[in-house]
Amino acid sequence: MATETKLPVERELALEMVERMLRIRAFETQANQLYLSAKMPGLTHLYVGEEAVAVGVCSALRRDDTITSTHRGHGHCIAKGADVRLMYCELLGKEEGYCKGKGGSMHIADHANGNLGANAIVGGSTGIATGAGFSAKALGTDRVSVCFFGEGALGQGLLYEVMNLASLWKLPVIYVCENNLYNEYTSYEDVTAGSIPARAEAFGIPAEEVDGQDVLAVYEATRRAVERARRGAGPSFLVCATYRYHGHHVGDVDRSYYRTKDEEERWAAERDPIALLAARLGDDAELARIRERVEAEVDDAVQYALNAPYPPPSEVTNHVYA
């Protein structure tokens, strides 16, 4: 049995966090197998290794707070409370999927839990998140909007347009940059000039750099940003340093031309977000029980989705607008 270290949060919350991270890890592992076995159409972009960012952020939110996501969005969706059965149904194009099987891996939305949707356009959801923040303020609520995006979105003009407005209007928006070091197949250092936090600070938005592999550090930084947003002080910007264990997408298998195997193994061995929190929790037997329960839940969800019906042909024209 490992020795528990002092935690900055209640143990119950820390256990919820490790369970959510394990659920994301198990979900993504099965999603990869569905692709490799040709059961899932299209591509998917795995979130394995980055679980602490989604879970740390979403653990600081209420259910009615909103998020927008990215092409690598399964982790955000699960962290915000999605049903993994319905998610797998969506990945497999089934009728019970969150978007009736029409969205697939990169376009899942779960409005009941405040997820306004994933977006396959780099930086595309920044405007949606900022619009949600504008709506929350206009309606006189204290809801907060969170926008997840990768460091590749730092080259998109939309991000700077909306940060400018969010700062001017003191909108309750938190911009979360998940810096996993690579813009698809290119090191971010080769294409990103200057300081990342300085880009937000130029608009008068406070920015904070966080260890994205430490779920508790992400949670604490987000909690401070949420408190600031709820009291009407305006937006915040978080830069979470993280790492994706797999390729840009499931077909990106040979990655030696842009990063080394040693680098991948070092991150997995020394900076795994689940292992880092597990070491602080200390109870190996309890964690084994959580892992077993989560993996059984995900296995059941996969079988459920594989056996679920496809939508009828008449569904193809529903929710289509010109």
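The values are calculated or read from the model by the stated rules, or taken from the named source; none is laboratory data. All values reported here derive from a predicted model rather than from experimental measurement. Note that we place each Cβ from the backbone using ideal geometry, even for glycine, and neighbour counts take in every protein chain shown. Each accessible area value is taken on the protein alone, full model and side chains, heavy atoms only, with ligands, DNA and RNA left out. Shrake-Rupley method; radii C 1.70, N 1.55, O 1.52, S 1.80 Å.
Given the criteria in contact with a Phe, Trp or Tyr (Cβ under 6 Å, 6 or more places away or on another chain) and over 30 Å from Lys137 (Cα atoms), does Val250 qualify? It is true that Val250 is in contact with a Phe, Trp or Tyr (Cβ under 6 Å, 6 or more places away or on another chain) and over 30 Å from Lys137 (Cα atoms).
Being open to solvent by 10 Å² or more (accessible area, probe 1.4 Å) and either more than 13 Å from the chain's Cα centre (by Cα) or at pLDDT below 95 (or both) is the requirement here; does Gly124 meet it?
Yes; evaluated as a whole, the condition is true for this residue.
The residues of segment 4-22 that are open to solvent by less than 50 Å² (accessible area, probe 1.4 Å), farther than 12 Å from Ala52 by Cα and assigned to a helix (DSSP H, G or I), listed by number, are Leu13, Leu15.
Of all the residues in segment 271-322, those that are farther than 25 Å from Val55 by Cα, part of a loop (DSSP other than H, G, I, E, B) and either open to solvent by less than 80 Å² (accessible area, probe 1.4 Å) or not aromatic (Phe, Trp, Tyr) (or both) number 8. The residue that is most open to solvent (accessible area, probe 1.4 Å), counting only those in segment 225-242 that are out of contact with any strand residue (DSSP E or B) (no Cβ under 8 Å at 6 or more places or on another chain) and not in a loop (DSSP other than H, G, I, E, B), is Glu227.
Across segment 131-152, the qualifying residues are those that are without any contact (Cβ under 8 Å) to a residue 12 or more places away in the chain and of a type in the set (A, V, I, L, M), and the one among them that is surrounded by the fewest Cβ atoms within 10 Å (Cβ to Cβ) is Leu139.
Residue by residue through segment 59-96, note down the ones that are of a type in the set (Gly, Ala, Ser), buried (at least 24 other Cβ atoms within 10 Å of the Cβ) and part of a loop (DSSP other than H, G, I, E, B).
At the first step, the residues of segment 59-96 found to be of a type in the set (Gly, Ala, Ser) are 59-60, 69, 73, 75, 79, 81-82, 93.
Checking the rest, the ones that are also buried (at least 24 other Cβ atoms within 10 Å of the Cβ) come to 69, 73, 75, 79.
Within segment 59-96, Ser69, Gly73 meet the criteria.
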